[in-house]
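Asker: Sharing a structure with you now.
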Amino acid sequence: MSYSGAVPTARSRAMVRETRHLLFSVAPGAVWIFIFLVLPSAYLMGVAFMTNGPYGLPQMPLSLDAFERLAGVGFLGWSPGNLYTLLRSLWQTLVSTVLVVIVAYPVAYYITTCREKWRPILLLLVVVPSWTNQVIRAFGWMNLLAPGTPLSSLAESLGLVAPNMGLYPSNFAVTLGLVYNFLPFMVLPLYAAFEKLDTAQVQAAQDLYASPVRAFWHAVFPQTLPGLLAGTVLVAIPAFGMYVIPELLGGGKGMMLGNLVANQFAGSSNWPLGAAGAILMLIATFIGLFAMRRIGKRLGGGEEVVI
Amino acid sequence: MSETMTAETADHPGARPAANARGRANHKASSIEMQGLHKRFGRDTVALDGVDLNIRAGEFFTLLGPSGCGKTTLLRILAGLEEPDAGSLVVGGKDITETPPHQRSVNTVFQSYALFPHLSVRENLAFGLKMRGMPAAERHSKVDEIADFIKLGDLIDRHVDQLSGGQRQRIALARALICEPDVLLLDEPLSALDAGLRSQLQVELLRVQKRLGMTFVFVTHDQQEAMVMSDRIAVLNGGTIQQVGAPRDVYERPVNAFVAHFMGHDNLYPISARKSDRLITALGELTAEEAGDGELLLIRPETLDLLPGAVEGPNHLTATVAERLYRGSHAEFRLAIADTTLQATVNNRGRHLPEVGETVTVVVAPEDLVTLSE
Amino acid sequence: MRKRTLARGLAGIWWVTLFFLYAPLFVIVLFSFNSANSTAIFENFSLAWYRRLFGNEQIINAFGNSLVLAVSSSIIALVIGCLIGYGMYRHRHRKLGWLIVLIYLPIVLPDIVFGISEMAFFVQIHEWTGLLQPGLGTMIIAHVTFQIPFVALIVYSRFVGLDPTLFEAAKDLYASPIKRVVHFMVPTIKPALISAFFLSFTLSIDDFVISFFTAGPESATLPIYIWSAIKKGVTPEINAIATLMIGAVAMAAIFSMLFNRRGRR
């Protein structure tokens, strides 16, 4: 039959055409990201396993020096400085994420209780500050928390800080900055979850359970978990790698992993050490994403978790 | 049946003389020849398995079949939206098997209507003309002309998302017609509409086709719709054509069990033995005239007569009423005969309608019996 | 009774949060009009800082750099991202997992890792070949890299939301491939293109970390200038520049609110 002979030509022609189309449309961007992000990241990974040269630039031979230094082993024996930085990063991430959740929950819920035509405007009000550059926002907090400002004076008179120290620079200022920076990232997904809330179920729960707290816990909270999870991904992961806020608000004792990494490429110059720190950050990021995905799948609300 | 329908619509009082179509009638109807069309999707989904089909110029031709029978694939091949794996397609004497859709003088009314959401109704209508490079002034008058012809009225100035389903359907039809294609393809254009609107638009569509004399290829899974609209019908199943013919042929003389079932026939009986024109089935012995030599006997319910009580006679079968569905204009009976059942439809002429449990005699006319193959 | 208390409590938290969100911005705006160089005591209303600002060539340069960077990177990202978004849509039935990973990489990578890996890479390439000298060029490359995914995803989701037979209708109605792009695809996804461009622009203007690491000595943007001024402790005009930037954001917010309203009508 002529059929069997003709099939491959017509089909393969279409296949070739489609594949050429795919390459034409996707290749420029894919190649761009590959050359300007995948290759650089791979290069950075490589740098982590090289030796630090005299000007902070990487050199052969390959070694694990950078990772030893990251763990605190130096010329003068072991020092806990880097480890403290790492623990501080984890701690700040944890505390700021929890605080963001505590603030975002009522805020998101409040927006859902408002009239429908106001909601987009209220959401916009929450988001607009984050449109301004993060350096400027951090600068605003520097102004607010510096020694001599009303807030600092108040804290001094309450004995919360030593006289003339001000509230900044401090770990407290960093936490505040992080919460400020990431609040909208939690409010938005939580708001989306609240908006989808099954009100019938909530009302049934209000009848079933004596206290509003229990009604909340049993009917509302489980339904907002996917939003909470999405928000946590959007807050915790970038918070762990934050550079600007600890640099401006934290001072020497508020350093986080991002600053440790950045400093190796700017001031003190030890590229392999910085690269090793970057690898650590990447590992944490991917563990975080992976964990959230797993939990998200178990919750069944996989689509809410965008990543 | 379809002949009468056609005559009626052409003489419809609302139909204005052909002059109003401004010389559109019979403008350039084209015939279609399809030969050996094959199409597979993926490894093993066969959509078309060797389709040979000729459609005459100016014909209202319907592709009828259940979903997955290949009718839509065939339509898409006509439109150029799908390329056949093998076979050829000739429209108006020109082989267009490999012509891309935008170079074919073929237009489609899509099932979802596919009106462009970023354009107004007027811009939607003018889209095809604009793509063909027609100057704006000419486009404008063409749009007015078609709007007048399809009676769009003030819909023309609306926005697409302000239109109802029936309105969208008419805009989609006008958008395809305005290009004056050799062939117009319609992919279940009425399936999304409710029953009343649907039959109204069926009549309207038919009227438009007759007035323009354009070749229409219509796809549907609704055999009633196919019979009302078509000059000829092709029944498809499993990627092959089962039967091609006028609605009466297909309905009254289906060639096989599939076509018979699809046209709504249930009274099919395997023939266990035959002596010249005498056929033995589970119902008993029946004499048939020109029944053909198929192995299944088809008895159409509406050809049967019911007599009260048991009456002896040639082609008379004694039965008991097992079920009666009273439908006003007619009644449907399920009759128990021997170990099997027979459906009968009787017009309600005000005479006695047998009750359930009553014994009746079924009179089968020899000339109404048809045999067909499995 | 309890319900009303709850509602009042919620409203209270909302207003406190709003105060918290806007206080730092308000302080900047307020002290930009202060006659004294202090952020603790407001003396008199004055436009002195603004006058100094417009006389500062560095700031004017930085502003220019920010604008050039944002506009040119957004345009490049729009073109490349659109192509990917369309490719992803057209071939959505294929297995494109590798492409999804590639597209999400710039989004999930921490800024700092993104910035330093590009910087390290550019420096190394420059050493070997003399190409990719740190400056506006490298910054544009870096910005395009993080803008592409956003453009691609916005364009893709717009296409996915369309009736797929529209593409066929365009073909059917005599539109050649080029005409399909010009008369069908581009007009249909125009809202997505506009929002993709503005998002890219905003991301670029907002970015500090990646710009900071890929910048050259002559290519400081406004955020970089502000950063180094803060670091050096020379901050008199910072409040004034920051106020102008906040003003721009406020304008954008009002614009988007009006745009949003009209869109819904």
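The values are calculated or read from the model by the stated rules, or taken from the named source; none is laboratory data. None of these values were measured; they are calculated from a predicted model. Cβ sites come from the backbone with ideal geometry, for glycine too, and all protein chains shown count toward neighbours. Just the protein is used for accessible areas: all its heavy atoms, side chains included, with ligands, DNA and RNA removed. Shrake-Rupley method; radii C 1.70, N 1.55, O 1.52, S 1.80 Å.
Asker: Of B:340, B:296, B:356, which is farthest on the positive side of the dipole of region B:268-372, counting Cα position, with +1 on Lys and Arg Cβ, -1 on Asp and Glu Cβ, and the Cα centre as origin?
Answerer: B:356
Asker: Then there is this: Mind putting a number on the dipole of region C:57-236 about its Cα centre? Charges go on the C-beta only, +1 for Lys and Arg and -1 for Asp and Glu, and I need it in Debye to the nearest 20.
Answerer: 640 debye
Asker: Same structure, new question: For chain B, modelled as a GNM with alpha-carbon contacts under 10 angstrom, which of B:290, B:188, B:33 fluctuates the most?
Answerer: B:290
Asker: From Cα pairs below 8 angstrom and at least 6 apart in sequence, can you work out the relative contact order of chain C, rounded to a whole percent?
Answerer: Computed value for chain C: 31 percent relative contact order.
Asker: Quick one: accessible area per residue over region C:97-226, 1.4 Å probe, rounded to a whole number of Å²?
Answerer: Ligands and nucleic acids excluded, the result is 36 Å² per residue.
Asker: Let me ask something additional. Residue C:29: net charge of surrounding residues, Cβ under 15 Å, Lys/Arg +1, Asp/Glu -1, itself excluded?
Answerer: 0
Asker: For chain C, modelled as a GNM with alpha-carbon contacts under 10 angstrom, which of C:197, C:212, C:42 fluctuates the most?
Answerer: Of C:197, C:212, C:42, the Gaussian network model singles out C:42 as fluctuating most.
Asker: Quote the FRET efficiency, to the nearest 0.05, computed for residue C:131 versus residue A:217 with a Förster distance R0 of 60 Å and r equal to the Cβ-Cβ distance.
Answerer: Between residue C:131 and residue A:217 the formula returns 0.50.
Asker: Select from region B:54-92 all residues whose loss of accessible area on going from the chain by itself to the full protein assembly reaches 20 Å² or more (probe 1.4 Å).
Answerer: Hits at the 20 Å² cut-off: B:76, B:81, B:83, B:85, B:86.
Asker: How about residue C:231: which lysines have a C-alpha closer than 17 Å to its C-alpha, ignoring those fewer than 8 places off in the same chain?
Answerer: Residue C:231 reaches A:253.
Asker: Please report, as a whole percent, how much of the solvent-accessible surface of region A:85-304 comes from carbon and sulfur atoms (probe radius 1.4 Å).
Answerer: 67 percent
Asker: Given a Förster radius of 45 Å and the C-beta distance between residue B:355 and residue B:240 as r, what FRET efficiency does 1/(1 + (r/R0)^6) yield to the nearest 0.05?
Answerer: FRET efficiency, residue B:355 to residue B:240: 0.50.
Asker: With the crude spin-label approximation of a point 7 Å out along Cα→Cβ, what separation in nm comes out for residue B:35 versus residue A:31?
Answerer: Here the modelled spin labels are 4.5 nm apart.
Asker: Keeping every protein chain present and rolling a 1.4 Å probe, give me the accessible area per residue for chain A in Å².
Answerer: I get 48 Å² per residue for this part.
Asker: So, counting K/R as plus one and D/E as minus one, what does the shell of residues with Cβ under 12 Å around residue B:36 add up to?
Answerer: Summing Lys/Arg as +1 and Asp/Glu as -1 gives -3.
Asker: Can you list the residues in region C:211-233 whose accessible area drops by at least 50 Å² when all protein chains are present, compared with the chain alone? Use a 1.4 Å probe, heavy atoms only.
Answerer: Relative to the lone chain, where solvent access is computed with a 1.4 Å probe, region C:211-233 loses at least 50 Å² at C:227, C:230.
Asker: Still on this structure: For chain A, calculate the relative contact order in percent as a whole number, restricting contacts to Cα pairs under 8 Å that are 6 or more residues apart.
Answerer: 23 percent
Asker: Here is a further query. Can you give the accessible area per residue of chain B, in Å², using a 1.4 Å probe?
Answerer: So chain B comes to 43 Å² accessible per residue, rounded to a whole number.
Asker: I've got another one for you. Out of the total accessible area of chain B (probe 1.4 Å, heavy atoms of protein only), what percent is carbon and sulfur?
Answerer: 47 percent
Asker: Determine the residues within region A:27-43 where the difference in accessible area between the chain on its own and the full set of protein chains amounts to at least 50 Å²; count protein heavy atoms only and use a 1.4 Å probe.
Answerer: A:32, A:33, A:36, A:37, A:40, A:43
Asker: Between beta-carbons, use under 13 Å as the cut-off and find the net charge around residue B:332, counting Lys and Arg +1, Asp and Glu -1.
Answerer: +1
Asker: Could you please state how large a percent of the accessible area of chain C is carbon and sulfur, counting protein chains only and using a 1.4 Å probe?
Answerer: 69 percent
Asker: Which of C:99, C:166, C:25 ends up with the largest GNM mean-square fluctuation for chain C, with Cα atoms connected below 10 Å?
Answerer: C:166
Asker: Oh, and also: Roughly how large is the C-B contact in terms of buried accessible area, totalled over both chains, probe 1.4 Å, nearest 100 Å²?
Answerer: 2000 Å²
Asker: In whole Hz, what ³J(HN,Hα) sequence does region B:47-55 give by Karplus (6.51, -1.76, 1.60; θ = phi - 60°), x for Gly and Pro?
Answerer: Here the 3J(HN,Hα) series is 8, 10, 10, x, 10, 10, 7, 10, 10 Hz.
Asker: For the residue pair residue C:255 and residue A:20, what label-to-label distance in nm results when each label sits 7 Å from Cα along the Cα-to-beta-carbon direction?
Answerer: Roughly 4.1 nm, to one decimal.
Asker: Tell me, what is the FRET efficiency for residue C:47 and residue A:225 to the nearest 0.05, using R0 = 51 angstrom and their Cβ-Cβ distance as r?
Answerer: Rounded to the nearest 0.05, the efficiency is 0.50.
Asker: For the protein assembly as shown, give the share of DSSP beta bridges that are antiparallel, in percent and rounded to the nearest 5; count only bridges with both residues there.
Answerer: Taking every DSSP beta bridge within the protein assembly as shown, about 75 percent pair in antiparallel fashion.
Asker: While we're on this one: Name the shape class, rounded, prolate or oblate, that the alpha-carbon gyration tensor gives for region B:268-372, where a ≥ b ≥ c are the square roots of its eigenvalues, rounded holds for a/c under 1.5, and otherwise prolate holds if a/b is larger than b/c and oblate otherwise.
Answerer: Since a/c reaches 1.5 and a/b is larger than b/c, the shape of region B:268-372 is classed as prolate.
Asker: State to the nearest 20 debye the size of the charge dipole of region B:268-372 about its Cα centre, where the only charges are +1 on K and R beta carbons and -1 on D and E beta carbons.
Answerer: Using Cβ point charges on Lys, Arg, Asp and Glu, region B:268-372 gives about 280 debye.
Asker: Next question. From the cross-link list B:28/B:210; B:39/B:71; B:130/C:190, which pairs have alpha carbons spaced over 18 Å apart?
Answerer: From B:28/B:210; B:39/B:71; B:130/C:190, over 18 Å: B:130/C:190.
Asker: Further, regarding this structure: Simple spin-label model, 7 Å along Cα-to-Cβ: residue A:38 to residue B:302 in nm?
Answerer: Each label point lies 7 Å from its Cα, and together they span 6.6 nm.
Asker: Please label the shape of chain A as rounded, prolate or oblate, based on the square roots a ≥ b ≥ c of the eigenvalues of the alpha-carbon gyration tensor (a/c under 1.5 means rounded; beyond that, a/b larger than b/c means prolate, else oblate).
Answerer: Oblate, since a/c reaches 1.5 and b/c is not below a/b.
Asker: Keeping all protein chains in place and using 1.4 angstrom, which order do B:194, B:339 fall into by accessible surface area, from largest down?
Answerer: Listed by decreasing accessible area, they come as B:339, B:194.
Asker: How many Å² of accessible surface get buried when C and A come together, counting both sides, probe radius 1.4 Å, rounded to the nearest 100?
Answerer: Chains C and A together bury approximately 7300 Å².
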